[in-house]
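To start, the structure under review is shown below, and the notes come after it.
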Amino acid sequence: MAAHQEKKLAEERKHQNMKNGTKAPQGQWGRAWEVDWFSLASILFLLMFAPLIVYYFIMSCAQYQCSLTDPLLDLLTGNKHLSDIWNRTPMLTYWAAGIYSLWVTFQVILYMSIPDFCHKFLPGYVGGVQEGAVTPAGAVNKYEINGLQAWIITHMLWFANAFCLHFFSPTIIFDNWIPLLWCANILGYAVSTFAMIKGYFFPTNAKDCKFTGNFFYDYMMGIEFNPRIGKWFDFKLFFNGRPGIVAWTLINLSFAAKQQELYGEVTNSMILVNVLQGIYVLDFFWNEAWYLKTIDICHDHFGWYLGWGDCVWLPYLYTLQGLYLVYNPVHLCTAHAVGVLILGLLGYYIFRVTNHQKDLFRRTDGNCRIWGKRPEYIECSYMSVDGTKYYSKLMTSGFWGWARHFNYTGDLMGSLAYCLACGFEHILPYFYIIYMTILLTHRCIRDEHRCSSKYGKDWKRYTAVVPYRLLPGIF
């Protein structure tokens, strides 16, 4: 009910500002208040077809050796009907439902019940209770950062089972991959729907809710900024990192185990995928406190985009390289393997150092050294929803002087390395770099639109100093 009252108050403030000839302060921060036809069409397309896209990729591997064209050719030529493909698709089983329920419950227990202890003995690691960024309504949430701990415990148990206990096969994830897909979809839709209902009737913070009046947009992009149950269970932090990203490395390990079972060896391409993606996952959890300052936590509301995306899209499409290599084992020559490794590590280095520079700059308020020099920056200010004025600085030194999102450039280099490890026989494993290029380019534009609204003229001064987004001299 509080959310309904906040919705009415927001509409009244909007009309009052329009009457006075000023822009509503809510429009300065966060997602849109009004939905144009193109955005609505895009959202309807994703809501209808994104689950089918995931199914198509997984089905093409299970039935067509990962060929994306053969299923379409079979259907167009009449060799097969949709019913033939569907009838060969494994259905939801009680076994898969039990595995998935146990997995999610275990991650909830690790998230909620075991305070972080890694920060007490790992130098440089920031864990335990940490504060997030200021929300649009001026609130500051606290988080229990224990993702690295959850990852370590989970993987210790995984290896203990694989080499000593033998309660289940290490190939269990691959063997139930499609039945687990149905479980992930059920959770994704259940969480997204619950978040929608919660935003309307019992939000955590009504002042941080946004309503456009368009059901589909609100369902996809979310109403609540930081939906929570109790003091510590934060939907955004949990679902983005656990169960999705903790599962990422376990999924790859299961794929490697299946390759060993089928062919008697694990190829160097599979090892590269496991190592490079494992570095990325570990980096995420080592810097989980830093993640509290990123776009997902600081700006995105929690809806289907994050809820279903974290449960289904992330674990199923981010792991396509490993899945592909089970069906199409690739043995790379030494030069190819070394090239992939160098590209992946260089991309990670750029990604990590760029983010470290920004984090260091923020933590010290600019009183630090970037590449041996005092950093240069643009002074700027912005207003929160309650009218409070805040001051900030936008760095123009180091990698941030090369491009406004050079961390994304490193991310894309790493993404390309994962794909190149799979050779050149099929396009399926290259979906990841195609998707990441679209995602990060769109994120650049979305982030800059938000920053332009937030900082106004100060943002124009910043873009004049740093004119490129991703590639210096090009884009």
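The values are calculated or read from the model by the stated rules, or taken from the named source; none is laboratory data. These figures come from a predicted structure and were not determined experimentally. When we count neighbours, we look across all protein chains shown, and the Cβ atoms used for this are built from the backbone with ideal geometry, even at glycine. Accessible surface areas use protein heavy atoms only, side chains included; no ligands, DNA or RNA. Shrake-Rupley method; radii C 1.70, N 1.55, O 1.52, S 1.80 Å.
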Given contacts defined as C-alpha pairs under 8 Å and at least six residues apart, what's the relative contact order of the stretch 332-474, whole-number percent? 30
Can you give the accessible area per residue of the stretch 332-474, in Å², using a 1.4 Å probe? 50
I need to check one value: relative contact order of the chain, counting alpha carbon pairs closer than 8 Å and at least 6 residues apart, in percent. 18
What ranking, highest mean first, results for peptides 98-105, 36-43 when packing means the other Cβ atoms within 10 Å averaged over each residue? 98-105, 36-43
Using the beta-carbon distance between S381 and M48 and R0 = 41 Å, what value does 1/(1 + (r/R0)^6) give for FRET efficiency, to the nearest 0.05? 0.45
In nm, the gap between the two label points placed 7 Å beyond Cα toward Cβ at A133 and L102 is 4.0
How far, in nm, would the chain grow between H356 and Y391 when pulled straight, counting 0.36 nm per residue and subtracting the alpha carbon separation? 10.5 nm
With only helices counted (DSSP H, runs n ≥ 4, each -39500 (n - 2.57)), the per-residue ellipticity at 222 nm for the chain, to the nearest 500, works out to -18500 deg cm²/dmol
If every Lys and Arg gets +1 and every Asp and Glu gets -1 at its Cβ, then about the Cα centre the stretch 332-474 yields a dipole, in debye to the nearest 20, of 560
Prolate/oblate/rounded call for the stretch 287-420, Cα gyration tensor, a/c under 1.5 rounded: oblate
So how strong a dipole does the stretch 90-331 carry about its Cα centre when Lys and Arg Cβ are +1 and Asp and Glu Cβ are -1, to the nearest 20 debye? 380
Counting every C-alpha pair in the stretch 115-188, the percent lying more than 21 Å apart is 57
Give me the percent of accessible area attributable to carbon and sulfur for the stretch 90-331, probe 1.4 angstrom. 71
Once R0 is set to 60 Å, what does the formula 1/(1 + (r/R0)^6) return for the Cβ-Cβ distance between R369 and I229, expressed as a FRET efficiency to the nearest 0.05? 0.90
Calculated volume of the Cα convex hull per residue in Å³ (choose from (i) 171; (ii) 188; (iii) 142), label: (i)
Degrees between helix 177-201 axis and first principal axis of the chain (Cα, 0 to 90, nearest 10): 20
Carbon and sulfur: what percent of the stretch 363-443's accessible surface (1.4 Å probe)? 57
Find the accessible area per residue for the stretch 130-228; the probe is 1.4 Å, ligands and nucleic acids are left out, and the unit is Å². 39
For I145, what residues show an amide H to amide H distance below 5 Å, using hydrogens built from the backbone and excluding near sequence neighbours? G128, V129, Q130
